[in-house]
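Worksheet: one structure, shown below.
Here, each number is a calculation from the coordinates, and none is a lab measurement. What you are looking at is a predicted structure, and each value in this text was computed from that prediction instead of being measured. Glycine gets a Cβ as well: all are built from the backbone with ideal geometry, and neighbour counts include every protein chain shown.
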Amino acid sequence: MSQLERSVITISSLIRSVHKCGYLVLMMGFSNSALAKSMPFNLTEGVTDVSQQVYDLHMTIFIICCVIGLVVFAAMFWAIFNHRKDKGAQAAQFHENTKVEIIWTAIPFVILIGMAIPATKTLIAMEDPSDADLTIQVTGSQWKWHYKYFGHDVEYYSLLASRQDQIHNQKQKRENYLLEVDYPLVLPVGQKVRFLVTSEDVIHSWWVPAFAVKKDANPGFINEAWTRINEPGIYRGQCAELCGKDHGFMPIVVIAKPVDEFETWLAEQEQKAVAAKAEEQAMLAMSMDMDEMMQLGEQVYNKHCAACHQANGEGLAGVFPALKGSQIATQDILGHINIVVHGKSGTAMQAFGKQLTLKELAAVIGYERNAWDNNTGDVIQPAQVKAVMQQKDL
Amino acid sequence: MSTGSASNPLASGVDDHHNHKPNGFFARWVFTTNHKDIGSLYLLFSFAMFLTGGAMAMVIRAELFQPGLQLVEPNFFNQMTTVHGLIMVFGAVMPAFVGLANWMIPVMIGAPDMALPRMNNWSFWILPFAFSLMLMTLFMEGGGPNFGWTFYAPLSTKYSPDSTALFVFAVHLMGISSIMGAINVIVTIVNLRAPGMTMMKLPLFVWTWLITAFLLIAVMPVLAGAVTMVLTDKYFGTSFFDAAGGGDPVMFQHIFWFFGHPEVYIMILPSFGIISAIVPTFSRKPLFGYASMVYATASIAGLSFLVWAHHMFTTGMPVAAELFFMYCTMLISIPTGVKVFNWVATMWRGSLTFEVPMLFAIAFIVLFTIGGFSGLMLAITPVDFQYHDTYFVVAHFHYVLVSGAIFSIMAASYYWLPKWTGYMYDDYLAKWHFWCSLISVNVLFFPMHFLGLAGMPRRIPDYALQFANVNAVVSLGGFAFGLSQLIFLVVVIKCMRGKGERAAAKPWEGAEGLEWEMPSPAPYHTHTTPPEIK
């Protein structure tokens, strides 16, 4: 068995080097995109014991398939080269052979059992999230992830950090284009982390290849997964289930830190959360002027609202309503605050009350009421937003 | 009358009452109940849909040629992937097989026509309406279906465009058409075989279609149920797939894939029949293991009802269910392997020639087998967690559907075009078509395996920079493959317009079967008296 394993490893490293050569050839042809990082041509081995097992399983089955393929295609091409009419081949007339047929039914069966045993072992290990050191709730929504650390007062949204001007080719794309977020998930190395995965709207799928974790986020249900990371580092993934327009734009970034650094980070976040609440109170007393509101409002709008309602406020006909000149954005202020804070059930309009600070909410609502010739002249203050929130909360 | 050889009176035109066709274009094609005319309609329709769905694939590949958004917005991109999938599955591959069945099954089993000719007419003429309905939605406000051809809830219910009702009705129409076609095939094969044509003498194309027809009848109603539940969830306030009302979005996937997996085999079993007809002809040797081919087809069909959840390993199923579906899926490789071994054994010690149908058949065997291998890899649950919903899956199903199903349809077209039109295809162009298709289909789909392994999800309009080079290569392959199919269009038009060599009754030296015992083109009415079966 160890002999076999060793030869499997030799062959797989051989295949890897062949892949690299092939990539070089490709690069010579397409050297114009200088920014491009080199793409791995094989599955990642990852940074967990499970991902390593998954990789080994992948290589084993791949090599078995290659060997079977070589044998079958060799026989076929032998016939193609040697049993041709133009070489004077006379057709034999045999058309069955029970012994051969039994053999080529039985041998694949044995090979399959050989594949099924390690696959079963790995699967059972992967599906055991018990005895976790840390639990994190992962919630997908259109088109962002939300992380909540159980037992700690830390939770936040994680959004794509690549900007629209990069997506629309007006600016040079950064190195980690589409694989970068504003607030990555931070995890400890060496601890068993359990993920509780769910969704607020459609089905998403949380996938980090380096952990070999891909779990669907189903609205109304909670799925479990887990990982134990071996090496500190930054690991990137993407949503893997079609979830609407911006499915391609909700990446996942995980920073794995040593346990002590992680704990320091977590404590800092808890303090920040407390400070943020205090700031929120202070904010109720302050008032923004028009310029400040429009400036902040535009930033918030482009990050959170423009994906659907578009940067020009015109929406997408028949899909996402326009804000420019709309009744909500130009008339009833309370109704406007209400829909931004609480969302509109049965539609893609989310409740932003918990995603944004009071100041951000006030700014974005005010921005919507004054941008694109809406020109209502209304300046919205955090206290007004807070009032609407509390009324509804009662 | 012993049915016919080339010296048959039909061929000499003495007895031309067998050739009378209705007068006038409208009467001939719209009111037709003739299985050959309906078969031709199906084939032409599917080719038109193939080009339409292909044009959408070109849009997809053009957008993905470089990172960033260049040509289309994400919402339209999603409509393109969705409608491309729906058109290729329901508009191109399935009607092409039904067309082949219409043309060839009565001819092969010695029947004068399909058993239910008026229903046959109806099942075809529903399709242009169904697909017009679906294509129309692309021009509606809010656009057409944008939730993937698998239309997972709640993306297809609560979050879908207003055109969803039209999508649902279009799918209903396609389902009705398929079910009627399937009933017709079964009734024809069971009742209209010529005396002496016992079940175990049926050509394998007939056998595989018989089994396919049972699959169709079993699963199309399930699809109809799924779309109806989507309809009522979206418009009538039911909660089949909404947890807030006691439903379950994952239940949608169970129902969809209970249809969807047998559907996959609906699109490949007739291919097996085609390849089993062509390989012996050009090997000049009887098919190896006829009986085991029949049993393998039947067991693949049976197993297809026990593997649906392998499309759903990441939805969060109990381990026991994951293991069950993994084992059952792995088992499918055994009968599939038997088929491939049988084809190779048929070629072994044959007297091979490589006319274009044979070239496509050989390409089918190799490339379908590669698709089978990636299928086996996908069956392994722990590794599927990595492959699932990436370009690895896209590569896999395009290998089995394009270089599998579509190549077999191409092979069948070249094989039987002389019989249908009475003219040989232009061999020079046909060889160009084959080699261009073969090379470009691999440039198109093979690198997708690497994209998937490197971590590129499917159904995204834009991607990280590391994927740029390979995507550019894939797109170039895609454009080349798309253009190559225009050569096929020219070849077909030339045959239809009678440009080319006259075809003999049996243009292939090693061919066997009733279709080769009648003149080319096949007369309008054939087997009006049952042929004698040796």
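Tabulated values for the structure
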item: For A:L187, distant residues with modelled amide H under 5 Å away; result: A:I255, A:A256, A:K257
item: Cβ-defined net charge surrounding B:R28, 13 Å radius [Lys, Arg +1; Asp, Glu -1]; result: +1
item: Candidate lysines - alpha carbon under 18 Å from A:K245, same-chain residues fewer than 8 apart omitted; result: A:K144, A:K303, B:K158
item: Under Karplus coefficients 6.51, -1.76 and 1.60, residue-wise ³J(HN,Hα) of region A:87-94 in Hz, glycine/proline x; result: 9, x, 5, 9, 6, 6, 10, 5
item: Overall dimensions of chain A by Cα: Rg and Dmax, Å; result: 28.2, 98
item: Within region B:215-256, chymotrypsin sites (Phe, Trp or Tyr not before Pro) in DSSP loop having at most 11 other beta-carbon neighbours inside 10 Å; result: B:F236
item: Folded to 0 to 90 degrees: helix B:117-136 orientation relative to chain B principal axis, Cα; result: 30 degrees
item: Using alpha carbons only: equivalent-ellipsoid semi-axes of the protein assembly as shown, gyration tensor based, whole Å; result: 54, 32, 23
item: A:Q191-A:L284 pseudo-label distance in nm [points 7 Å out on the Cα-to-Cβ vector]; result: 3.4 nm
item: Using alpha-carbon coordinates, inclination of helix A:259-285 to the longest axis of chain A, degrees; result: 30 degrees
item: Between region B:131-155 and region A:319-394, the Cα center-to-center distance that results, in Å; result: 31 Å
item: For region B:268-325 and region A:144-168, distance of Cα centres in Å; result: 44 Å
item: Cα centroid separation - region A:74-122 against region B:65-79, whole Å; result: 45 Å
item: Label-point separation, B:H20 to A:S326 (7 Å along Cα→Cβ), nm; result: 6.8 nm
item: Sum of side-chain charges, A:A267 neighbourhood, beta-carbon under 14 Å (Lys, Arg +1; Asp, Glu -1); result: -4
item: Nonlocal amide H pairs with A:Q238, under 5 Å, H built at 1.01 Å; result: A:W207, A:I252
item: Table column - 3J(HN,Hα) (Hz), region B:363-370, Karplus curve with 6.51, -1.76, 1.60, x for Gly and Pro; result: 4, 4, 4, 5, 6, 4, 5, 4
item: Mean separation of Cα contacts under 8 Å, 6 or more apart, over the residue count of chain B: relative contact order %; result: 21 percent
item: Whole-number percent relative contact order across chain A, with pairs defined as alpha carbons under 8 Å at least 6 apart; result: 12 percent
item: Listed residue pairs exceeding 19 Å between alpha carbons, taken from B:K419/B:K506; A:K277/A:K354; A:K148/A:K173; A:K192/A:K257; result: A:K148/A:K173
item: Estimated D of region B:9-517 in µm² per second, where Rh is the Kirkwood radius over Cα pairs and Stokes-Einstein applies at 37 °C, 0.692 mPa s; result: 140 µm²/s
item: Note, ³J(HN,Hα) from phi for region A:312-320, Karplus 6.51, -1.76, 1.60, rounded to Hz, x at Gly and Pro; result: 8, x, 8, x, 10, 3, x, 10, 10
item: Long-range HN-HN contacts of A:W226 with modeled amide H, under 5 Å; result: A:F195
item: Cα gyration tensor shape of region B:168-289, rounded if a/c is under 1.5, else prolate or oblate by comparing a/b with b/c; result: prolate
item: Global form of region A:145-268, assessed from the alpha-carbon gyration tensor, a/c cut-off 1.5; result: oblate
item: Proximal charge balance of A:G248 [Cβ under 13 Å; K/R count +1, D/E count -1]; result: -3
